[in-house]
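Data block below; observations after.
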Amino acid sequence: MSESRTSNSIKNVFASIMYQLLNFVLSFISRSIFIQVLGVGYLGINGLFNDVLSMLNLAELGFGTVMTYGMYKPLAEKDYETIAGLTQFYKKVYRIVAISIAGIGIMLVPFLHYLVNLEQDIPNLEIYYILFLASNVASYLVTYKTTVMYADQKNYIFIKYTAYWSIAQTIVLTLILFLTHSYMLYLCCQVIFVYASNFQKSHVAQKRYPFIGRKVKLPKEKTRGIFKDVGSAFLYKIANVLINATDNTLISVIVSTEMVGFYSNYQIVTARLANIVSTVFSSLITSLGNLLVIENEERRFQVFQIMQSLSFILSTFFVSCIFLLQEDFIRVWLGEDFVLGTLPLIAIVFNFYFSISITPITVFREAAGLFRKTKFIMLWTAFFNLVLSIIFGWQLGLAGIIFATSISKLFTSFWYEPLLLFKEYFKKPCRLYFIQMLKGVAITAVTIFVSGIVSYWMKPSNWIELILKGGVVSAASLIITILSYHHTSGFRLLTDKVKSIMLGIRRNRE
């Protein structure tokens, strides 16, 4: 990996982690006030509508992924004419997408009452939904300009502005809830912030890459190639939405809309940690896209080993902490009534571990642009997830719907994608990967068991006691995790890479 790629990756990773930590604090503050003022029913509505709008985003057809992938080569070759053409083409496509989402979204208004499952009706439900829809459509009007910055590994610049807007939004929305107790005014201001933030990002991209404003028309053969890739990417996007953006809807219909709110309180921790891991690895996608083209199989596999070791360390450490601290956190924060119980917690932890541990495979797949070769297996995953979610949901409630997501992946993409990647890009037997995965599961189980014994006597009833237990669990989990992985080749490569980066930073300062 060249120094420029390494430098950009470090900046993206650091900025992403800092933003996720800030976002966690802001979410914790706003969520606490939201529940206190409006209650868990409105929180469930939030989660449900976000799921519905994620499904509406299918109208995007996967153009975003294809366009980002399509800019890697022209950026490397400084072919600004092609980048301008791609941006203008993207602009036309996204305007059509915005109109389509708005139209389809409005058509769904009469059917909202089939999705909402509350003991007491919430007034103005349709207006709330329209405001959510307006916020969603806003992102498609100007973000076509920002694609070039993501492809050029400059998304750390956006994160700075996003953090500013997040702080301002949290302060304003909190004041609105305190002073007015109005959910409608809360959503109206949220829409304004989304529009303002997106327009600023667009302005920044235009200023840094002025050539994207040129009126350049792509050749027909280029647009035909894009649409060919979009066909595969769209199937992948359908599958991804059905796998990851249907849980809240199914929970609302099968269990209750309030349960969506209860579940979202757990997600304030797991989602933020998952986002930290995801952004760490996603920040490397553009670097990997270049690496897969210019490096040999051995070098690719070395980079994969580094990423795999990092994912195992993070997943083992985070899963141990979540399993042993999550219920205490909810209990101290919101009270015993908001604790879901052991089975849902196991399902949440299992789903979290599974999603984190396979992240390197997912990132390499994205960087390699394997849309066509993974589309059908992803559709099978989505089909099994939907069927199993309904069956398990009726039998086990919330826990069953969460379990279904991981089980569906386990029997489909979990084994297929590694086979594909190892065969085509590493030229090595895939059993190496599955052996490491089994070892990772065993180490995680041991870490949870030992850390649980060490902290068993601690029953926190306030924030200070929770912090103390968190320190004990974190220390025990980290020590066991490092001792378990320090001898692996991936860990040695990772430490060597970190030492090299730190040395480079020190030299630059001198």
Next on the checklist: Is it the case, given these coordinates, that Lys459 is in a helix (DSSP H, G or I) and farther than 25 Å from Met307 by Cβ?
Outcome noted: no
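Out of the residues in segment 264-285 that are in a helix (DSSP H, G or I) and open to solvent by less than 20 Å² (accessible area, probe 1.4 Å), state the one that is modelled with the lowest pLDDT.
Just the residues of segment 264-285 that are in a helix (DSSP H, G or I), to begin with: 264-282, 285.
Of the ones still in play, those that are also open to solvent by less than 20 Å² (accessible area, probe 1.4 Å) are 264-266, 268, 270, 277, 280-281.
Numbers: Ser264: 88, Asn265: 90, Tyr266: 91, Ile268: 84, Thr270: 88, Val277: 79, Val280: 69, Phe281: 73.
The residue in question is Val280.
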Next on the checklist: With the requirement that a residue be surrounded by fewer than 12 Cβ atoms within 10 Å (Cβ to Cβ) and among the hydroxyl-bearing types (Ser, Thr, Tyr), what does segment 432-464 give you?
Outcome noted: Tyr456, Ser461
Item to check | Breaking point among (1) at pLDDT 85 or above; (2) open to solvent by 50 Å² or more (accessible area, probe 1.4 Å), for Glu81 | outcome: (1)
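Whether any residue in segment 39-51 is within 30 Å of Phe211 (Cβ to Cβ), in a helix (DSSP H, G or I), modelled with pLDDT under 85 and open to solvent by 30 Å² or more (accessible area, probe 1.4 Å) is what I want to check.
At the first step, the residues of segment 39-51 found to be within 30 Å of Phe211 (Cβ to Cβ) are none.
Scanning segment 39-51 turns up no residue that is within 30 Å of Phe211 (Cβ to Cβ), in a helix (DSSP H, G or I), modelled with pLDDT under 85 and open to solvent by 30 Å² or more (accessible area, probe 1.4 Å).
Quick one: which helices (runs of 4 or more DSSP H) sit completely within segment 135-209 and have at least 2 residues that are open to solvent by 20 Å² or more (accessible area, probe 1.4 Å)? Break it down into steps so the answer makes sense when it comes.
Numbers: elements: 147-151, 155-180, 183-208.
Filter on segment 135-209 gives 155-180, 183-208.
Conditions tested, residue by residue: (1) crowded, with 22+ Cβ neighbours inside 10 Å; (2) at pLDDT below 90; (3) within 18 Å of Val454 (Cβ to Cβ).
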| site | (1), (2), (3) |
| --- | --- |
| Glu295 | no, yes, no |
| Gln302 | no, yes, no |
| Gln308 | yes, yes, no |
| Leu314 | no, yes, no |
| Val319 | yes, no, yes |
| Asp328 | no, no, yes |
| Glu336 | no, no, no |
Item to check | Lone unmet requirement of (1) crowded, with 22+ Cβ neighbours inside 10 Å; (2) farther than 22 Å from Val260 by Cβ for Lys423 | outcome: (1)
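How many residues are in a helix (DSSP H, G or I) and over 22 Å from the mean Cα position of the chain (by Cα) when one looks only at segment 243-257?
First, pick out the residues of segment 243-257 that are in a helix (DSSP H, G or I): 243-244, 247-255, 257.
Now restrict to residues that are over 22 Å from the mean Cα position of the chain (by Cα): 253-255, 257.
Total satisfying the criteria: 4.
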Checklist entry - Can you spot a residue in segment 98-106 that is farther than 24 Å from Thr257 by Cα, among the β-branched types (Val, Ile, Thr), modelled with pLDDT of 80 or more and open to solvent by 30 Å² or more (accessible area, probe 1.4 Å)? => result yes
Checklist entry - Going by the structure shown, is Ile226 among the β-branched types (Val, Ile, Thr) and either open to solvent by less than 20 Å² (accessible area, probe 1.4 Å) or modelled with pLDDT under 75 (or both)? => result yes
Checklist outcome for this item: Within segment 116-134, the residues that are part of a helix (DSSP H, G or I) and either β-branched (Val, Ile, Thr) or at pLDDT below 85 (or both) are Ile127, Ile130
Checklist entry - Taking the condition open to solvent by less than 100 Å² (accessible area, probe 1.4 Å), assigned to a helix (DSSP H, G or I) and closer than 18 Å to Gln326 by Cβ, does Ile467 pass? => result no
Checklist entry - Considering only residues of segment 52-78 that are in a helix (DSSP H, G or I) and either among the β-branched types (Val, Ile, Thr) or at positive phi (or both), which is modelled with the highest pLDDT? => result Val52
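The values are calculated or read from the model by the stated rules, or taken from the named source; none is laboratory data. Just so you know, these numbers come straight off a predicted model, no measurement behind them. Virtual Cβ from ideal backbone geometry, glycine too; neighbours counted across all protein chains shown. Side chains are part of the model used for accessible areas, which takes the heavy atoms of the whole protein and leaves out ligands, DNA and RNA. Shrake-Rupley method; radii C 1.70, N 1.55, O 1.52, S 1.80 Å.
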